[in-house]
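Inspection log for the structure reproduced underneath, given as structure tokens.
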Amino acid sequence: MTMKAGPRNLITDVEGLSVGNASDDKIKSGSTVILCDVPATAAVQILGGAPGTRETDLLEPHNTVEAINALVLSGGSAFGLDAASGVQAALREKGIGFEVGTQRIPIVPAAILFDMLNGGDKDWGRFPPYRELGYAAVQSASRDFGLGTIGAGTGATVTGLKGGLGSASSLLESGTTIGALVAVNALGSVTVGKSRHFWAAPFEISDEFGGLGLPHPLPADAAEVRTKFSDAAIGANTTIGVIATDLILTTAQAKRLAIAAHDGFARAIWPAHTPFDGDLVFALATGTSGRTPEIAEFIDLCAAAASTMARAIARGVYAATPADKDPFPIWKSRL
């Protein structure tokens with residue numbers, strides 16, 4: 001199976017999706033929304049030990065609502081779940097949502113990461129800003145969007161470096177498109193030891209995160225388990241992402257796709273899925289290709305989910321930019 005990146009190398013290469021970001025530089029946090037042009041089949045898989053979520057139970061294949069209107073990734077720990085309320089408000093104004101009698105209820109699952117100890121001013125008073133950030137993110141939604149220190153990636157960190165919002169896409173030989181979007185705020189490290197080389201290097205396409213490959217020979221500290229325990233408080237973590245395709249999938253197949261995408265976490269972050277990460281992947285199937293996958297193609301799709309997610313993780317850290325009071329430097333400053 002050979003793959004190339006889509007024309008944008010963003011999750012929005014999957015037809016039927018747009019992404020909006022809103023950031024607050026004072027608090028060093030923000031929110032990201034993924035909007036579906038029409039309701040999309042969705043699922044979720046949580047493998048981290050400290051998740052923060054909203055409306056994830058309804059994504060189980062045995063439950064009633066089979067499609068969603070949007071997904072939210074946000075900073076702010078539990079406060080950030082308010083961003084989904086802002087997204088709901090914006091969609092309701094547009095008449096978008098699950099129809100119940102005369103009412104429309106926008107279906108907006110959400111996940112959050114912990115960025116409360118990153119140097120930002122979290123003294124926001126009685127009402128956290130995330131509802132407004134979610135509303136603003138909808139207004140900015142587009143097929144094109146920025147990476148790095150933006151949206152849910154605004155205040156993200158990894159071991160020794162700033163994290164960020166990352167995205168990537170892949171075109172399969174069958175013509176299928178798959179894309180990933182991820183806010184990288186891991187307890188672990190995305191680089192090999194203390195080098196500039198990303199663990200995701202084997203999957204890189206066209207120097208999209210520096211073109212350095214893997215170091216040869218591997219540094220002596222390559223297998224050393226490096227975490228933020230020595231630099232930040234326990235719980236200041238979580239990588240949350242979305243994997244999407246233009247194929248028609250059942251909710252069970254979408255669940256399997258989300259599971260496969262977690263392999264991308266393991267290929268790009270060492271260690272991943274710890275008790276102090278809330279690692280989570282949503283899956284979306286827009287169905288805009290009009291095709292259902294055969295078994296062989298679905299296996300290829302799951303493999304591409306892992307490699308595309310790994311690339312998105314590296315791109316998020318690669319694209320980070322500096323700001324005042326950052327606890328860690330950006331990748332591009334590492335020599």
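The values are calculated or read from the model by the stated rules, or taken from the named source; none is laboratory data. Everything quoted here is computed from the prediction, not taken from an experiment. Neighbour counts are summed over all protein chains in view; Cβ atoms, including those assigned to glycine, are modelled from backbone coordinates with ideal geometry. To get the accessible areas, we keep the full protein, side chains included, count just its heavy atoms, and leave off ligands, DNA and RNA. Shrake-Rupley method; radii C 1.70, N 1.55, O 1.52, S 1.80 Å.
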**Asked** (1) aliphatic (A, V, I, L, M); (2) within 20 Å of the chain's Cα centre (by Cα); (3) at pLDDT 95 or above: which one isn't true of Ala236, the others all being true?
**Response** (3)
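Let's see how each residue does on (1) of a type in the set (D, E, K, R); (2) open to solvent by 70 Å² or more (accessible area, probe 1.4 Å); (3) touching a residue at least 40 places away in the same chain (Cβ under 8 Å):
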| residue | (1), (2), (3) |
| --- | --- |
| Gly278 | no, no, yes |
| Glu294 | yes, yes, no |
| Phe298 | no, no, yes |
| Met309 | no, no, yes |
| Arg315 | yes, no, yes |
| Pro322 | no, yes, yes |
| Ile330 | no, no, yes |
**Count of residues meeting criterion [farther than 17 Å from Ala110 by Cα and either of a type in the set (S, T, N, Q) or in contact with a helix residue (DSSP H, G or I) (Cβ under 8 Å, 6 or more places away or on another chain) (or both)] in the range 239-258** = 8
**Complete:** Residues of the range 51-106 being closer than 19 Å to Cys36 by Cα, in a helix (DSSP H, G or I), in contact with an Asp or Glu (Cβ under 9 Å, 6 or more places away or on another chain) and not hydrophobic (A, V, I, L, M, F, W, C), in sequence order, are Gly86
**Residue tally, condition closer than 18 Å to Val14 by Cα and hydroxyl-bearing (Ser, Thr, Tyr), over the range 135-172** = 4
**Message:** Any residue at all in the range 31-49 that's touching a strand residue (DSSP E or B) at 6+ places or on another chain (Cβ under 9 Å), in contact (Cβ under 8 Å) with a residue 24 or more places away in the chain, open to solvent by 10 Å² or more (accessible area, probe 1.4 Å) and over 30 Å from Asp300 (Cα atoms)?
**Reply:** no
**Request:** With the condition kept exactly as written, say whether any residue in the range 144-155 is closer than 22 Å to Asp246 by Cα, among the charged types (D, E, K, R), under 16 Å from the mean Cα position of the chain (by Cα) and open to solvent by 10 Å² or more (accessible area, probe 1.4 Å).
**Result:** yes
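Per-residue answers, yes or no, for (1) among the basic types (Lys, Arg); (2) over 19 Å from Glu204 (Cα atoms):
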{"site": "Ala236", "(1), (2)": "no, yes"}
{"site": "Leu249", "(1), (2)": "no, yes"}
{"site": "Arg256", "(1), (2)": "yes, yes"}
{"site": "Ala266", "(1), (2)": "no, no"}
{"site": "Thr274", "(1), (2)": "no, yes"}
{"site": "Leu284", "(1), (2)": "no, yes"}
{"site": "Thr288", "(1), (2)": "no, yes"}
{"site": "Phe298", "(1), (2)": "no, yes"}
{"site": "Ala303", "(1), (2)": "no, no"}
**Message:** If I ask for residues that are of a type in the set (Phe, Trp, Tyr) and in a helix (DSSP H, G or I), which ones from the range 266-314 would you list?
**Reply:** Phe298
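Name the single residue, out of those in the range 20-49 being of a type outside the set (Gly, Ala, Ser) and in contact with a helix residue (DSSP H, G or I) (Cβ under 6 Å, 6 or more places away or on another chain), that is nearest to Ala136 (Cα to Cα).
Among residues in the range 20-49 that are of a type outside the set (Gly, Ala, Ser) and in contact with a helix residue (DSSP H, G or I) (Cβ under 6 Å, 6 or more places away or on another chain), the one nearest to Ala136 (Cα to Cα) is Asn21.
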**Request:** Test each condition in (1) open to solvent by 10 Å² or more (accessible area, probe 1.4 Å); (2) hydroxyl-bearing (Ser, Thr, Tyr); (3) under 28 Å from Glu208 (Cα atoms); (4) touching a helix residue (DSSP H, G or I) at 6+ places or on another chain (Cβ under 9 Å) for Thr2 and report the one that comes out false.
**Result:** (4)
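Working only within the range 114-157, note down all residues that are of a type in the set (Val, Ile, Thr) and either in contact with a Ser or Thr (Cβ under 6 Å, 6 or more places away or on another chain) or assigned to a loop (DSSP other than H, G, I, E, B) (or both).
Start the filter on the range 114-157 by keeping residues that are of a type in the set (Val, Ile, Thr), which leaves 138, 149-150, 154, 157.
Scanning the range 114-157 gives Thr149, Ile150, Thr154.
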